[in-house]
Amino acid sequence: MVSLDSVKASVDGASILDIHTHLYQPSFGMMLSGIDELLTYHYLICEVMRVAPLTPNDFNVMPKSKQADLIWEYLFVRNNPISEATTGVLTVLKAFGLNPNSTDLAEAREFFREARANMDQYVSVVLKMAGVKSLVMTNDPFDTNEIAHWQGRSEMDPRFLAALRIDPILNSWHDAASKLHDRGYQTYGSIDEESLGEVRRFLVDWIKIMHPKYMAVSLPPSFAFPEHSARNEVLAKAVLPVCEEYGLPFAMMIGVNKRVHPELIEAGDSVGLSDMTAIERLCHAFPGNRFMVTVLARENQHGLCVAARKFANLLPFGCWWFMNNPSLVEETTTMRLEMLGTTFVPQHSDARVLEQLIYKWKHSRRDIAASLFGRYEVSPRNVTQEQVDRDVALLMHDNAASWIKA
């Protein structure tokens, strides 16, 4: 029988395909990295607002370096940093040999300033430290910075794969239709056959430009299917037909309640319960499509697993955002192993800051290994190391690579 240590060794040594991030290849010039970006990530902004004597508006007008200083002072010096977000920052510092007990950020700032001087080389270092072989970006065809990059046709780094993010088309149709019309597509406020055809043309144009591995959207807890709405019309008659025609999975990230605390900006988003029967109906209505789904609420994880047991064209992936806590990662991974075997993707980093890859994957590897060993431990079978390595390869890389044809 294999040991926990041998399972950990297999998971720790596995190459990862990170199926969802917000990182970009260096040539985009959009990569966030360094200690100030790590500390001012929205996870920590929420936490500092609970202990620092200032309002969100006071915080928002501060320069980023001052925000980082304040967060370090209140979350790392005056208080013990034991939350997952603060522990993650310390994991990054320790990985680079920096002092996690420092009372200021001088050493860390100087280290990252020097490391970032050669960004291409530094990105390779971080990917190697995290054990990430390749990752999928989030690419927005409505973002002017990205449009300029894609139209410039810079050479693509094969480690950085594209995903076509289409939130405006599905979540704010009238605004998206106006923007598409300004770009030469004959889309109007009403959703008629001409507008739907133009949406399809827009998506195909960007598929040819980006060569994405999937299309993606973030959806509110209220998402329903079927329903009489602009979202459902565009999804059923434009997005999914194009996905099927081009063999692209459609990724849905479901459960964000936007801006429940508007003054906190990105840190002000929250979570709500979603209806998993909408996913079942989609999978049944569109058997020629493949769906990738991650849900934000803990209470929805079981329903998603049940849906995936019924529909082979559904892939649960990752422990997203509020789910990215060790207790929930291990719980969710164990439930998926119990219900789906190894036919899912246990984690993605959702990283927006380059160095987050280091801590998110280090912590997730530990939790995934614990869940996997738990299943081996109760099996009447004498599980071999070869079988462990096969399972680990599926979970950490091969399932994702197969699903998105990477």
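What the table shows:
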| quantity | calculated |
| --- | --- |
| Criterion: in contact with a Leu (Cβ under 8 Å, 6 or more places away or on another chain) and assigned to a helix (DSSP H, G or I) - qualifying residue of Leu170, Leu135 | Leu170 |
| Hits in the range 85-104 (condition: surrounded by fewer than 20 Cβ atoms within 10 Å (Cβ to Cβ) and touching a Ser or Thr at 6+ places or on another chain (Cβ under 9 Å)) | Pro100 |
| Qualifying residue in the range 40-58 (condition: out of contact with any strand residue (DSSP E or B) (no Cβ under 9 Å at 6 or more places or on another chain), over 26 Å from Val271 (Cα atoms) and part of a helix (DSSP H, G or I)) | no |
| Residue list for the range 105-132, filter: surrounded by 13 or more Cβ atoms within 10 Å (Cβ to Cβ), among the small types (Gly, Ala, Ser) and in a helix (DSSP H, G or I) | Ala108, Ala115, Ser124, Ala130 |
| Selection count where residues are in contact (Cβ under 8 Å) with a residue 40 or more places away in the chain, part of a helix (DSSP H, G or I) and either of a type outside the set (Lys, Arg) or crowded, with 22+ Cβ neighbours inside 10 Å (or both), scope the range 1-30 | 9 |
| Residues of the range 133-180 that turn out to be over 23 Å from Leu354 (Cα atoms), within 23 Å of the chain's Cα centre (by Cα) and of a type in the set (Asp, Glu), as a count | 1 |
| Where a residue in the range 97-119 is closer than 19 Å to Gln67 by Cα and basic (Lys, Arg) and its partner, wherever it lies, is modelled with pLDDT of 95 or more and outside any loop (DSSP other than H, G, I, E, B), with Cβ under 7 Å and at least six apart | Arg109/Ile35 |
| Hey, Ser195 surrounded by 18 or more Cβ atoms within 10 Å (Cβ to Cβ), among the polar types (S, T, N, Q) and more than 30 Å from Leu17 (Cα to Cα) or not | yes |
| Residue match in the range 364-375 (condition: modelled with pLDDT of 95 or more, over 26 Å from Met1 (Cβ atoms) and among the polar types (S, T, N, Q)) | no |
| Glu266 vs. criteria acidic (Asp, Glu), over 21 Å from Ala401 (Cβ atoms) and crowded, with 19+ Cβ neighbours inside 10 Å | no |
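The values are calculated or read from the model by the stated rules, or taken from the named source; none is laboratory data. Quantities reported herein were computed from a predicted structural model and do not represent experimental measurements. Neighbour counts run over all protein chains shown; Cβ positions are idealised from the backbone, glycine included.
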